[in-house]
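Structure record follows, encoded as structure tokens.
The values are calculated or read from the model by the stated rules, or taken from the named source; none is laboratory data. It should be emphasised that the depicted structure is a prediction, and the values quoted were computed from it without experimental measurement. Don't worry about glycine lacking a Cβ; one is built from the backbone with ideal geometry, like all the others, and counts go over all protein chains shown. Note: areas computed on protein heavy atoms with side chains; ligands, DNA, RNA excluded. Shrake-Rupley method; radii C 1.70, N 1.55, O 1.52, S 1.80 Å.
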Amino acid sequence: KKLKKFQKSYPDAVPITIQGTKIASSFWGKAWCDNLKVYADYDNRITRGRSYIKNGFVFDLTINAGQISGVVCGSGSKLYHVSIGIEPITDDRLIRQINGSIESLEELIEGKFPKELAQTFLTKENGLFPDLKEVHLDCDCPDWAHMCKHVSAILYAVGTKLDANPLLLFELRGIDTKD
């Protein structure tokens, strides 16, 4: 009921719904979700965020270059606004590392590339996923945790979106996929 009411007021909202029990099923979505533990200061916030996304509490999600924003319905039916800033990768290290290793953009999207290249994408120092100091989390809820359950739900929702469009991760980090 709350979602339908929200959608009447915000018809352009993009709610996230999970089909089945998995939040993400592709290489990119799973890798993103596995990485979220790096940002959590309390494990129970991660668990609650997973529960929120699985139960359809993410009412809106927007992903742009360097910015993720969303609306999450709290357990008391209050709506919380989440904003996450992610710093771009400003050097061409990733492009240099993968140069010649991937024959097509389709291979990259499908997660079909040499296993050693997965390390390039997933390492903390040089990878595509932002380091904790490159992520700026904000939620208007009263929780004092750095990564509250609402932020966690939005971050998991990104994993769901990466299943459908892995290039969003490159866009989020400011990488031109044409390069």
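Key figures for this structure:
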read-out	value
Single match in GLY29, GLY20 (criterion: over 23 Å from ASP138 (Cβ atoms) and in a helix (DSSP H, G or I))	GLY29
Residues within segment 38-68 that are open to solvent by 40 Å² or more (accessible area, probe 1.4 Å) and not in a helix (DSSP H, G or I), tallied	8
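Okay, residues lined up against (1) outside any helix (DSSP H, G or I); (2) crowded, with 23+ Cβ neighbours inside 10 Å; (3) touching a helix residue (DSSP H, G or I) at 6+ places or on another chain (Cβ under 9 Å):
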residue: ASP138; (1), (2), (3): yes, no, yes
residue: PRO142; (1), (2), (3): yes, no, no
residue: ALA145; (1), (2), (3): yes, no, yes
residue: VAL151; (1), (2), (3): no, yes, yes
residue: LEU162; (1), (2), (3): no, yes, yes
residue: LEU168; (1), (2), (3): no, no, yes
residue: GLY174; (1), (2), (3): yes, no, no
residue: THR177; (1), (2), (3): yes, no, yes
